[in-house]
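K.L.:
Got a structure here, written out as structure tokens. Questions coming.
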Amino acid sequence: MSNAAKTYPPSTEMAEGAHVNAAKYDAMYKASIEDADGFWREQAQRVDWMTPFTTVKDVDFTFGQVKINWFADGELNVSANCIDRHLETRSDQTAIIWEPDNPEEAAQHITYKELHAQTCKMANILRDLGVGKGDRVVIYLPMIPEAAYAMLACARIGAIHSIVFAGFSPDALASRVNGSEAKVVITADYAPRGGKATPLKTNADQALLHCKDSVKCLVVKRTGGQTTWTEGRDFDYKALAKDAADICAPEAMNAEDPLFILYTSGSTGQPKGVVHSTGGYLVYAAMTHEVTFDYHDGDVYWCTADVGWVTGHSYIVYGPLANGATTLMFEGVPTYPDASRFWQICEKHKVNQFYTAPTAIRALMGKGAEFVEGCDLSSLKLLGTVGEPINPEAWNWYNDVVGKGTCPIVDTWWQTETGGHLMTPLPGAHATKPGAAMKPFFGIKPVVLEPASGDIIEGNGVEGVLCIADSWPGQMRTVWGDHERFEKTYFSDYKGYYFTGDGCRRDEDGDYWITGRVDDVINVSGHRMGTAEVESALVAHPKVAEAAVVGYPHDIKGQGIYCYVSLMADEEPTEELRTELRNWVRTEIGPIASPDLIQWAPGLPKTRSGKIMRRILRKIAENDFGALGDTSTLAEPEVVDELIENRMNR
Ligand code: WT7
């Protein structure tokens, strides 16, 4: 099947001008595998070290004793690497172009010099609020420049940031503040998006009711709208910044000190705090940003993600700024004021590399090519996608309508856990195929395993679960406060390997295709959602007895959230209750977890031992119940007929 896939080789111009061409990729990849220490010792020189490291890699993937250390005795500061070291040559170069939600409002061009001053001010304010090295700070901000200042300010003083996406609920915020025992929450009064403003401060107020009294709240007044104010706890960022000193010496941090925590969903339990390091993470983010996007000095680069996700960490802030790039930050949404907004921004700021998610491409494709065609996209040199498998139709539209057939598309496969790209075509080195992640990045050893036995599947034209055989510098180090969970989640199913949770096919040419999650994680609009989390939100509702949640194919979102709900005895299954449950989940987790379809389920298919047979529920949700597979272990086979009869996705 993959043989038939059309391939798009790099243009001569790309192959000649790119940082990495085919021959160089082969040589570098070989070196990275055969002599990982030598390879990464050299690559680590792309960042400035305060104390040079002597050891490169100290890793053990053995379950029960997993440890991951890179450049462990070196010292550096991420903020100094992203700002200070550029000042000599780039102080007046734009570091961040900020494009507000409302196109009538002026864009900002923040130079490296200004970025330095603003970051130092924020760092000094945080210090005054009692934040020191190793302390945690939760950032709950819209896509405004202060989000970048806050991240870099934490890095500067050695505090560990934990960003909570502004679309998450007060409950989710509170559990992350408490989970990391944060000292300060940085938020904004309102978050403008798509012409509407979310009352972020109100959310933070609600969250803080469930946190320790000592937690302080630093508020960036984005709109100046009405908010409540708790004297002694709330601090006005802009007022404090006026008087704060604009210099602040960066702390020397150990390479293995945590840089940030980022909560992400898994197949079981509540979200876990993924911990990323200082040295290895920065080296990996910087290198992948430069090589995958073929970033050259002077280019304008735009990643449309939100800093609430790892993509925003690595490819809006840390990678680009470590490389002295000009990175664009967009506050709004692709469809406001209309579906041409992305392309208008590309034209306005002469964007050279554009990186977005398949879900956005599909949504814009649905609005029609005319929204693209009115804009001058001649500055574009490269397009990227991330977050979920991209269907060939969307890939082709992106290639033809947006890229005019002249921009290579890098389909970057990676995860919150991996810190940066693990598989992607490199634009000057590899032909691309619509929907394929193609090739491992330097130092990455993908292995395809038999799901049940864990045996390695060699050769091409094969499919299985995807593991990685050895570490890379950007790998997560642990789960915050729970190293055991880290080992169990990633190193216990397939011993000696990092288990990605994804399925994968290696085609006849040896190129890699990600086939989607093999665990109970679903991917909604490129955002990872644990079905267990939605289930526990649903059963927390007093009228719900039991719930099972699965994903189903959704035209725009990739996957939609399909919920089977059993009500308490005497509860009526009404439309009102459906709406109530939908709103309930939105409040418990956030709008991204909003159920798409809720089916009333008088019974759920269970084995005789009481385990829900999710495989069957998935099939029904996919409207593909012809072959339900083995149902002989079902306790009550008739509940399946009832569910099929009343299925919601037809
Ligand atoms: C999961 C990770 C990495 C930043 C965004 C998502 C899926 C990610 C691709 C891709 C196919 C992809 C995987 C992965 N995924 N990129 N290019 N092709 N699938 O980060 O929330 O940690 O989710 O997203 O299933 O495991 P995340």
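Just so you know, all these numbers are worked out from the coordinates, no wet-lab data involved. Nothing here was measured: the structure is a model prediction, and the numbers come from that model. Ideal geometry is used to build each Cβ from the backbone, glycine not excepted, and the neighbour counts take in all protein chains shown.
K.L.:
Please report Y497, Y281 as a ranked list, fewest other C-beta atoms within 10 angstrom at the top and most at the bottom.
P.N.:
Y497, Y281
K.L.:
Also: As I understand it, the dipole of the chain uses +1 on the Cβ of Lys and Arg and -1 on the Cβ of Asp and Glu, about the Cα centre. Which of T574, V66, T327 lies farthest toward its positive end?
P.N.:
T327
K.L.:
State, to one decimal in nm², a quarter of the convex hull surface area for the C-alpha atoms of the range 165-277, i.e. the direction-averaged projected area.
P.N.:
9.5 nm²
K.L.:
Determine the distance separating the Cα centre of the range 400-429 from the Cα centre of the range 230-289; give it in Å without decimals.
P.N.:
26 Å
K.L.:
Before rounding to the nearest 500, sum -39500 (n - 2.57) across all DSSP H runs of length at least 4 in the chain and divide by the residue total; then give [θ] at 222 nm in deg cm²/dmol.
P.N.:
-8000 deg cm²/dmol
K.L.:
Give me D520, D246, D171, D641 ranked fewest to most by other Cβ atoms within 10 Å of their Cβ, as a rough exposure proxy. Please list the in-between numbers first.
P.N.:
Working: D520 21, D246 15, D171 18, D641 10.
The fewest-first ordering by Cβ neighbours comes to D641, D246, D171, D520.
K.L.:
Given the options A245, A166, L597, identify the residue whose Cα lies farthest towards the positive end of the charge dipole of the chain (+1 on Cβ of Lys, Arg; -1 on Cβ of Asp, Glu).
P.N.:
A245
K.L.:
Can you compute the charge dipole magnitude of the range 110-254 about its Cα centre, using +1 on each Lys and Arg Cβ and -1 on each Asp and Glu Cβ, nothing else charged? Give it in debye, rounded to the nearest 20.
P.N.:
Here the range 110-254 has a charge dipole of around 240 debye.
K.L.:
Now for a different question. What is the dipole size for the chain, taken about its Cα centre, with +1 at each Lys and Arg Cβ and -1 at each Asp and Glu Cβ, in debye to the nearest 20?
P.N.:
In total the dipole reaches around 620 debye.
K.L.:
Still on this structure: How far is the Cα center of the range 340-368 from the Cα center of the range 619-650, in Å?
P.N.:
Going from one Cα centre to the other spans 40 Å.
K.L.:
Can you give the charge dipole size of the range 525-646 about its Cα centre, rounded to the nearest 20 debye, using +1 on the beta carbon of Lys and Arg and -1 on the beta carbon of Asp and Glu?
P.N.:
620 debye
K.L.:
Can you tell me how the range 94-161 classifies by the Cα gyration tensor, rounded, prolate or oblate, using a/c under 1.5 as the rounded cut? Don't jump to the answer; show the numbers that get you there.
P.N.:
Numbers: a/c = 2.92, a/b = 1.86, b/c = 1.57.
Here the range 94-161 falls in the prolate category.
K.L.:
Taking the range 525-646, how much of its Cα-Cα pair set, in percent, is spaced more than 17 angstrom apart?
P.N.:
Of all Cα-Cα pairs in the range 525-646, 55 percent lie more than 17 Å apart.
K.L.:
If packing is taken as the average count of other Cβ atoms within 10 Å, what order do 485-494, 405-414 fall into, highest mean first?
P.N.:
Details: 485-494: 19.0, 405-414: 22.0.
Result, highest mean Cβ count within 10 Å first: 405-414, 485-494.
K.L.:
Rounded to the nearest 5, what is the percent of antiparallel bridges among the DSSP beta bridges in the range 525-646? Walk me through the numbers on the way to the answer.
P.N.:
Working: 12 of 16 bridges.
So the antiparallel bridges amount to about 75 percent of the total.
K.L.:
Right, next: Can you give the FRET efficiency for A22 and E580, using 1/(1 + (r/R0)^6), R0 = 60 Å, r = Cβ-Cβ distance, to the nearest 0.05?
P.N.:
Rounded to the nearest 0.05, the efficiency is 0.55.
K.L.:
Same structure, new question: Working from the alpha-carbon coordinates of the chain, get Rg over Rh, Rh being the Kirkwood radius.
P.N.:
0.95
K.L.:
Between rounded, prolate and oblate, where does the range 428-506 land on the alpha carbon gyration tensor, with a ≥ b ≥ c its root eigenvalues, rounded for a/c under 1.5, else prolate if a/b exceeds b/c? It would help to have the intermediate numbers written out before the result.
P.N.:
Details: a/c = 2.44, a/b = 1.43, b/c = 1.71.
It is oblate, given that a/c is not under 1.5 and a/b is not larger than b/c.
K.L.:
Also, quick follow-up: Let me make sure I get this right: for the range 1-133, a, b and c are the square roots of the gyration tensor eigenvalues over alpha carbons, sorted descending. Under 1.5 in a/c it's rounded, otherwise prolate if a/b > b/c, else oblate. Which is it?
P.N.:
Numbers: a/c = 2.00, a/b = 1.20, b/c = 1.67.
Oblate.
K.L.:
So, one more: What residue among T587, Y295, V78 has its Cα farthest toward the positive end of the dipole of the chain, where the charges are +1 on Lys, Arg and -1 on Asp, Glu, each on the Cβ?
P.N.:
Checking the options against the dipole of the chain, the answer is V78.
K.L.:
When you count, for each residue, the other Cβ atoms within 10 Å and take the mean per peptide, how do 367-374, 144-151, 201-208 rank with the highest first?
P.N.:
The packing order, highest mean first, is 144-151, 201-208, 367-374.
K.L.:
Using the number of other C-beta atoms within 10 angstrom as an exposure proxy, rank R586, R528 with the fewest first.
P.N.:
The most exposed by this proxy come first: R586, R528.
K.L.:
Jot down the radius of gyration and Dmax of the range 150-223, Cα atoms only, both in angstrom.
P.N.:
Both quantities, over Cα of the range 150-223: 12.2, 36 Å.
K.L.:
Just report the Cα centroid separation between the range 185-218 and the range 42-109, whole Å.
P.N.:
Each part's Cα centre sits 28 Å from the other's.
K.L.:
On to the next question. Normalised by the residues of the range 110-254, what does the relative contact order come to in percent, with Cα pairs under 8 Å and at least six apart? Don't skip to the answer; put the middle values down first.
P.N.:
Numbers: 249 pairs, mean separation 40.6, N = 145.
Here the relative contact order equals 28 percent.
K.L.:
So what are the range 599-646's ellipsoid semi-axes, whole angstrom, largest first, if each one is the square root of 5 times an eigenvalue of the alpha-carbon gyration tensor?
P.N.:
15, 12, 9
K.L.:
Under 4.7 Å Cβ to Cβ, no partner at all: give me those cysteines from the chain, in residue order.
P.N.:
So far as the 4.7 Å Cβ criterion goes, C82, C154, C211, C217, C303, C346, C375, C407, C467, C504, C563 stand without a partner in the chain.
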